[in-house]
1. So, in region 1-40, exactly how many residues are part of a helix (DSSP H, G or I) and within 11 Å of the ligand (Cβ to nearest atom)?
2. Please specify each residue of region 134-151 satisfying the condition of being at pLDDT below 95, more than 18 Å from Met22 (Cα to Cα) and of a type outside the set (Val, Ile, Thr).
3. Quick one: count up the residues across region 103-133 that are in a helix (DSSP H, G or I) and either modelled with pLDDT of 95 or more or more than 15 Å from the ligand (Cβ to nearest atom) (or both).
4. For region 3-17, which positions are under 15 Å from Phe86 (Cβ atoms) and either open to solvent by 10 Å² or more (accessible area, probe 1.4 Å) or without any contact (Cβ under 8 Å) to a residue 40 or more places away in the chain (or both)?
5. Could we say that Asp80 is open to solvent by 10 Å² or more (accessible area, probe 1.4 Å), within 7 Å of the ligand (Cβ to nearest atom) and among the acidic types (Asp, Glu) here?
6. Quick one: in region 101-121, which of the residues that are closer than 21 Å to Asp80 by Cβ and without any contact (Cβ under 8 Å) to a residue 40 or more places away in the chain is surrounded by the most Cβ atoms within 10 Å (Cβ to Cβ)?
Amino acid sequence: MVRGVRLVILGRQGAGKGTQCMRLARHYVVPHVSTGDIFRASVKAGSEFGIQAEEYMQAGKLVPDAIVIGVVRERLCQRDAKARGFILDGFPRTADQAEALDEMLVAEGMPLDLTLDLEISEEDALTRLAARRVCSTCATIYSTARRPAIDWTCDNCGGEVVQRHDDTEEAICKRLADYNELTTPLIEWYTERHSLVQIGAYGTPDEVLTRMVRAIDARRCNEG
Ligand code: ADP
């Protein structure tokens, strides 16, 4: 079986992080840990925690660090992540989250293999986000240009494919502004502390995936 991997994937909303992380998770047989998906599942389940997160998400605001860090800590301590690794999608997004993740991984003896930054311009991100559609059951991502085969029924699980509640123009602008202010500095942070590779988010999903897998495998090859 292919070796597992521990990755952080950065990239502005609309870069295709979710799509690529799902594919990378299948390729390396590791869990896809998306904080956005975890929060959406809690909202759907109507849990106490989901009720707290929903307010922030609807407004396109970041959920407070203390809550997010707790969620990620709990997930990374589960057996599958400890045994094979993980693909972190949507976390960290702030310097405090990055520091907390570093501490967590040092304490658990689980160093990152690599951080990848999926690059896309803000203008292209806006166009892609307006067209984005998501399966409400399994979170597979589609767009108005790349639809499921039958109506808006997910090819993967038969769930209903919809526009996300927080993909309104106002919430998208807020999320992109937060990304520029709070998450972009992490590119430098990771370049200084761990290795970071920037990958162009353009071309077909297969082309982007190939670029990412090459960068990951090249890195592991260098490490022996
Ligand atoms: P997007 O990348 O389009 O913003 P996500 O699915 O990653 O979407 O996240 C959806 C929402 O979940 C965010 O707008 C935010 O409210 C919350 N969220 C997800 N990850 C984090 C995080 N690391 N820190 C704070 N809030 C988060």
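The values are calculated or read from the model by the stated rules, or taken from the named source; none is laboratory data. Quick caveat, the model's predicted, so the values are computed rather than measured. Here the Cβ positions follow ideal geometry from the backbone for every residue, glycine too, while neighbour counts run over all protein chains shown. These area figures cover heavy atoms from the full protein model, side chains too; ligands, DNA and RNA do not enter into them. Shrake-Rupley method; radii C 1.70, N 1.55, O 1.52, S 1.80 Å.
1. Filtering region 1-40 down to residues part of a helix (DSSP H, G or I) leaves 17-28, 35-40.
Subsequent filtering for residues that are within 11 Å of the ligand (Cβ to nearest atom) retains 17-18, 21, 35-40.
The number of residues fulfilling the criteria is 9.
2. Within region 134-151, Ala145, Asp151 qualify.
3. Taking region 103-133 first, the residues in a helix (DSSP H, G or I) are 103-108, 122-131.
Within this subset, residues satisfying the condition of being either modelled with pLDDT of 95 or more or more than 15 Å from the ligand (Cβ to nearest atom) (or both) are 103-108, 123.
Within region 103-133, residues that are in a helix (DSSP H, G or I) and either modelled with pLDDT of 95 or more or more than 15 Å from the ligand (Cβ to nearest atom) (or both) number 7.
4. The answer is Arg3, Gly4, Arg6, Lys17.
5. On the way: open to solvent by 10 Å² or more (accessible area, probe 1.4 Å): yes; within 7 Å of the ligand (Cβ to nearest atom): no; among the acidic types (Asp, Glu): yes.
So Asp80 fails the test.
6. Met104
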